[in-house]
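Peer 1: What follows is a single structure, and I will ask about it in a moment.
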Amino acid sequence: MKTKIIIFIICQMGIAIFTLVAQTKPDSGYSDNTNLFTNNSVSPNNENSAPITDNKEINPFLSLTELIEFLNINMFGPTIVMLDSGIYEIDETLIIDFPYLLTFQGHSSNGTIINATSKVSGHPLFNCKTESCFKQITFNAISNSTGNDAIVLENNDKINEVSKCNFTGFNKAILLKNSQELWVNESEFTDCKGAGIELTDINNMSKYYIFNCHFVQCNKGINQIPVKSENTIILNCSFDNKPTVTEQPTASFTEY
């Protein structure tokens, strides 16, 4: 069953909450109640649309790209994008560059799926230049060759979070650049040719917290280039089948 991707905007305590419904929804275990939004949808380009205030406003979007374009001119505070169960495809790198924190929240780790298509091959799915958060989403790559990364974080002095997400088939699932703080919790990384998580901070100013994660058939589970060991906390993580945490010449880190 196919339907438009829609957004249900609620402004509550200064946080905008968006709910999206995928173009492809599972055939079982899913209610058609979401159709009530499409029956009264308002185009974001409609000059009669109400402003995003305390009112409810419904805006149809055909892709995540359209959503990002909308937020580029309509983001007035920290924003949560609620992704319903279903499959979302990304054809081009989504640039996250906003004045406030943007959170992508899936319905469940196995229910909300983001797939890369051949059009984005060689490029990351998300390039986050500002503070970002991803929760309860499965990410699937089109290829594990160089450049096919899921999330690239290159903001400075910001806090980023990845929680309860699954990554399969990427070169690097999470690639962190510059000085920042990263929290990764209860996530699984499978068949990542480059690394499940690569941490790069030439200034040794970043802080990394990686808890309860599972790395399967990754060439490197966690790769640090270089990072002071006292700035990194890794707890209750498992590494299966291949060498995992690497020790760089300028970092004193114990291999697991």
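Peer 1: Given a Förster radius of 22 Å and the C-beta distance between residue 65 and residue 110 as r, what FRET efficiency does 1/(1 + (r/R0)^6) yield to the nearest 0.05?
Peer 2: On the way: r = 24 Å, r/R0 = 1.10.
Once rounded, the FRET efficiency stands at 0.35.
Peer 1: Relative contact order for region 158-225: what percent, with Cα pairs under 8 Å and sequence separation of 6 or more? Don't skip to the end; give the middle numbers.
Peer 2: Values: 179 pairs, mean separation 23.7, N = 68.
Reported relative contact order: 35 percent.
Peer 1: Tally Lys and Arg at +1 and Asp and Glu at -1 over the other residues with C-beta under 12 Å from the C-beta of residue 161: what net charge comes out? It would help to have the intermediate numbers written out before the result.
Peer 2: Numbers: positive: 135, 158, 164; negative: 131, 181, 186.
Summing Lys and Arg as +1 and Asp and Glu as -1 gives 0.
Peer 1: Now a separate question. How much length, in nm to one decimal, is gained on full extension between residue 97 and residue 241, taken as 0.36 nm per residue of separation minus their Cα-Cα distance?
Peer 2: Details: separation 144, 0.36 × 144 = 51.84 nm, distance 3.70 nm.
Using 0.36 nm per residue and subtracting the Cα-Cα distance, I get 48.1 nm.
Peer 1: Shape verdict for region 102-141, please, from the Cα gyration tensor: rounded (a/c under 1.5), prolate (a/b greater than b/c) or oblate.
Peer 2: On the way: a/c = 3.52, a/b = 1.15, b/c = 3.06.
Oblate, because a/c is 1.5 or more while a/b does not exceed b/c.
Peer 1: Continuing with the same structure: Under 11 Å from a point placed 7 Å out from the Cα of residue 191 along the Cα-to-Cβ direction: which residues of region 152-174 have their backbone N that close?
Peer 2: In region 152-174, the label zone of residue 191 (backbone N under 11 Å from the point 7 Å along Cα→Cβ) covers 168-170.
Peer 1: Sort out for me the Cα centre separation of region 71-138 from region 185-202, rounded to whole Å.
Peer 2: Here the two parts' Cα centres lie 18 Å apart.
Peer 1: Further question on the same structure: If each of residue 212 and residue 157 carries a label point 7 Å out from its Cα toward its Cβ, how far apart are those two points in nm?
Peer 2: Reported label-point gap for residue 212 and residue 157 is 3.2 nm.
Laboratory data are not the source of any read-out in this text; all were calculated from the coordinates shown. Treat the numbers as computed from the prediction; the structure is a model and nothing was measured. Glycine also receives a Cβ, built like all others from the backbone with ideal geometry; neighbour counts cover every protein chain displayed.
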